[in-house]
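Below is one structure, written out as structure tokens; comments come after it.
The values are calculated or read from the model by the stated rules, or taken from the named source; none is laboratory data. Given the structure is predicted, the values throughout are model-derived calculations rather than measurements. We place every Cβ from the backbone using ideal geometry, glycine too, and count neighbours over all the protein chains shown. Only protein heavy atoms, including side chains, enter the accessible area calculation; ligands, DNA and RNA are left aside. Shrake-Rupley method; radii C 1.70, N 1.55, O 1.52, S 1.80 Å.
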Amino acid sequence: MMSKTVNKSVSMLLAGVAIVAMSASAFARGGEDCEYREHGRMGMNPERMEQYREQHLTKLHDKLKLTPQQETAWKKYAAQQPVLDKSMRPDPDEMAKLNAPQRLEKGLERMRAMEARMSDHLAALKEFYAVLTPEQQKTFDDQMPRFGARWERRG
């Protein structure tokens, strides 16, 4: 009697796990009405990401309490911020026409372009960071994401 109850419980548990796995798979793929197809990764559209970036820069500017002498470096830094650009993404139809080595070459080209943009951004960041006071540097450090670690939610 006990083994029937255990077998039934195990069967129900396995059925539940299978349903969850199938649901997760369907969700990850994206259905017809899935926001991923419309807006890309993480369901974010470029306009929304740009709005978030502008809000972040405004809050950061306010928290830093910059002096008039620091504003020039701030403007250069803010202008050099990486922007989500649809032209950075390859056209899936064009990529499908390429063979594996060609697709990898295209990916490498995109990575090199991204590296160049990040290098420009780093140079502007270093120039701006150098004009900050130690207290402002601490505030700036606290507000910037930590690469290589999980992104933290900030209130």
- Net lengthening on full extension, Glu94/Asp62 (0.36 nm per residue, minus Cα-Cα): 7.1 nm
- Where in the stretch 58-77 does the amide nitrogen come within less than 18 Å of the point 7 Å from the Cα of Glu127, taken along Cα to Cβ? 67-77
- How would you rank 57-67, 95-105, highest first, on the average number of other Cβ atoms within 10 Å across their residues? 57-67, 95-105
- J(HN,Hα) series, the stretch 118-133, from Karplus relation 6.51 cos²θ - 1.76 cosθ + 1.60, nearest Hz, glycine and proline x: 5, 5, 5, 5, 4, 4, 5, 5, 4, 5, 5, 4, 5, 8, 7, 6
- Message: Give me the extension gain from Asp120 to Gln143: residue separation times 0.36 nm, minus the current Cα-Cα distance, reported in nm with one decimal.
- Response: 6.3 nm
- Note on the structure: Descending accessible area (1.4 Å probe), largest on the left, turns Met118, Met49, Met111 into Met111, Met118, Met49
